[in-house]
Amino acid sequence: MSQLLLPSLEIKGFRGFQHLRIENLQRVNLIVGKNSVGKTSLLEALWLYASDWNKYVESGILRERNEERQAHYDPKELDYNNSVRHLFFNRPTLSSNNPLEISIGSVESPMTFSIDTGARNGTPRAHIIIPVGGLSPHEIEQAWDAIALTERQDYLLEALRIIEPSIADVNMIASQARGGTYAGRRVPFVRMNGTNIPVPLRSVGEGMMRMFVFALALANADNGFLLVDEIESGIHYSVQPDMWQLIFRIAQQLNIQVFATTHSWDCIEGFQNAVAKEGFDDGLVVRLEKHGDEVTSTLFDARRLSIATNELIEIR
């Protein structure tokens, strides 16, 4: 089996993480914990790490959280220091007299970032992040074009058939919308067995669209990272074990390291069921807990996770 891109994780000085250290990661990692403990922040840290602290990624993260600030002297300009300070632990005032640094990456060789030097020691890696709202129409088009007419299209059909076994085919077709988000865009359509009439995937259900996006992202994330926030959103608990089996299998085949967050016990059970049924030994549940200013992690490998779910031990 291919070596993991990130066998361990250390985060220093980023958002709510004064110093978080996770010694042993796996290929598929499910992040759990209470609200505001830092699950989404961990995905953001990984996104910045994977991109070698790309400025577009940084800007997107700040914008998503409404943290961008305008310069007082020119409303059209960004007050960079007062924007990016939100990414530093305890949101300090940033200045040349207060040099601070963020470290993200493996325990042995993290990427470091400061206002003065930018990112150092980093290497950009392939990565896809799926926020709670999913991918944009443009991102879906790009991801589709990258795998169109290849064997990886089969992953999409397999994923959709987890929810609706009667699906015969899937394709991207130009939307007929006259305005709005999808005007001029191609959108996914499916054809059911026994009919020649394609229907928009969204009209079959939002869960179908969510599953399509998962599979599309997986098919494009080879030799890289897939980051998914609230992975259970829109997916019925009854199909989550099959969803996890698909994720494990494709992640192994394409050398992908997956990090996903959840609040759902059903999602944890589905994860554990997939691990137990197929014998996957490369799955890990990471529980984040907050103690004052410190965030710690508790790791549940296949054995410990089986005990926790069988005994209904609360790990969310």
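The values are calculated or read from the model by the stated rules, or taken from the named source; none is laboratory data. Owing to the predicted nature of the structure, the values given are computational and were not obtained by experimental measurement. All Cβ positions, even for glycine, are placed from backbone atoms using ideal geometry, and neighbour counts span all protein chains on display.
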Practice task
Could you check Val84 against (1) over 22 Å from the mean Cα position of the chain (by Cα); (2) more than 24 Å from Leu226 (Cα to Cα) and say which number it fails?
Solution key: (1)
Practice task
Given the conditions (1) farther than 26 Å from Ile22 by Cβ; (2) surrounded by 21 or more Cβ atoms within 10 Å (Cβ to Cβ); (3) within 17 Å of the chain's Cα centre (by Cα); (4) without any contact (Cβ under 8 Å) to a residue 40 or more places away in the chain, report the number of the one that Val213 does not fulfil.
Solution key: (4)
Completion exercise
Of Gly133, Gly118, the only residue that is under 30 Å from Arg191 (Cα atoms), of a type outside the set (Ser, Thr, Tyr), loosely packed, with under 15 Cβ neighbours inside 10 Å and modelled with pLDDT under 90 is Gly133
Fill in the blank from the handout: Per the filter on segment 146-168, residues charged (D, E, K, R) and in contact (Cβ under 8 Å) with a residue 24 or more places away in the chain are Arg152, Glu158, Glu164
Exercise for the section: With the checklist (1) at pLDDT below 95; (2) surrounded by fewer than 23 Cβ atoms within 10 Å (Cβ to Cβ); (3) under 18 Å from Leu226 (Cβ atoms); (4) in contact with a strand residue (DSSP E or B) (Cβ under 8 Å, 6 or more places away or on another chain) in hand, flag the one item Asn24 doesn't pass. Expected result: (3)
Exercise for the section: Pairs only if they're at least six apart or on different chains, beta carbon under 7 angstrom, first in segment 84-96 and touching a residue at least 24 places away in the same chain (Cβ under 8 Å), second of a type in the set (Gly, Ala, Ser) and assigned to a strand (DSSP E or B); list them, first residue then second. Expected result: Phe88/Gly13; Phe89/Gly13
Problem - Residue selected from segment 63-81 under the condition out of contact with any strand residue (DSSP E or B) (no Cβ under 9 Å at 6 or more places or on another chain) and assigned to a helix (DSSP H, G or I), by the criterion surrounded by the fewest Cβ atoms within 10 Å (Cβ to Cβ) - result: Arg63
Completion exercise
Among the residues of segment 198-217, the number that are charged (D, E, K, R) and either touching a helix residue (DSSP H, G or I) at 6+ places or on another chain (Cβ under 9 Å) or outside any helix (DSSP H, G or I) (or both) is 1
Fill in the blank from the handout: Reported set for segment 241-261 where residues are in a helix (DSSP H, G or I), hydrophobic (A, V, I, L, M, F, W, C) and under 21 Å from Gln3 (Cβ atoms) is Ile247, Phe248, Ile250, Ala251, Leu254
Handout entry: Selection count where residues are of a type in the set (Val, Ile, Thr), in a helix (DSSP H, G or I) and touching a residue at least 60 places away in the same chain (Cβ under 8 Å), scope segment 262-292
Key = 1
Exercise for the section: Please state which one of Ser238, Ser233 is on the phi < 0 side of the Ramachandran plot and part of a loop (DSSP other than H, G, I, E, B). Expected result: Ser233
Fill in the blank from the handout: Listed by first then second residue, the pairs whose first member lies in segment 107-121 and is under 17 Å from His19 (Cβ atoms), whose partner is at pLDDT below 75 and not in a loop (DSSP other than H, G, I, E, B), with beta carbons under 9 Å and at least 6 positions apart or on separate chains, are Met111/Ala119; Met111/Arg120; Thr112/Ala119; Thr112/Arg120; Phe113/Ala119; Phe113/Arg120; Ser114/Arg120
Fill in the blank from the handout: Ser233 vs (1) in contact with an Asp or Glu (Cβ under 7 Å, 6 or more places away or on another chain); (2) over 26 Å from Ile11 (Cα atoms); (3) hydroxyl-bearing (Ser, Thr, Tyr): all pass except (1)
Practice task
Test Leu201 against the criterion of being in contact with a strand residue (DSSP E or B) (Cβ under 9 Å, 6 or more places away or on another chain), within 26 Å of Arg304 (Cβ to Cβ) and surrounded by 19 or more Cβ atoms within 10 Å (Cβ to Cβ), and give yes or no.
Solution key: no
Handout entry: Among (1) under 11 Å from Leu30 (Cβ atoms); (2) modelled with pLDDT of 90 or more; (3) surrounded by 22 or more Cβ atoms within 10 Å (Cβ to Cβ); (4) not polar (S, T, N, Q), the one test that Val275 misses
Key = (2)
Fill in the blank from the handout: Restricting attention to segment 85-105, the residues that are in a loop (DSSP other than H, G, I, E, B), loosely packed, with under 14 Cβ neighbours inside 10 Å and either in contact with a helix residue (DSSP H, G or I) (Cβ under 9 Å, 6 or more places away or on another chain) or polar (S, T, N, Q) (or both) number exactly 6
Handout entry: Residues satisfying the stated conditions in segment 228-244, i.e. surrounded by 23 or more Cβ atoms within 10 Å (Cβ to Cβ) and within 10 Å of the chain's Cα centre (by Cα)
Key = Val228, Ile231
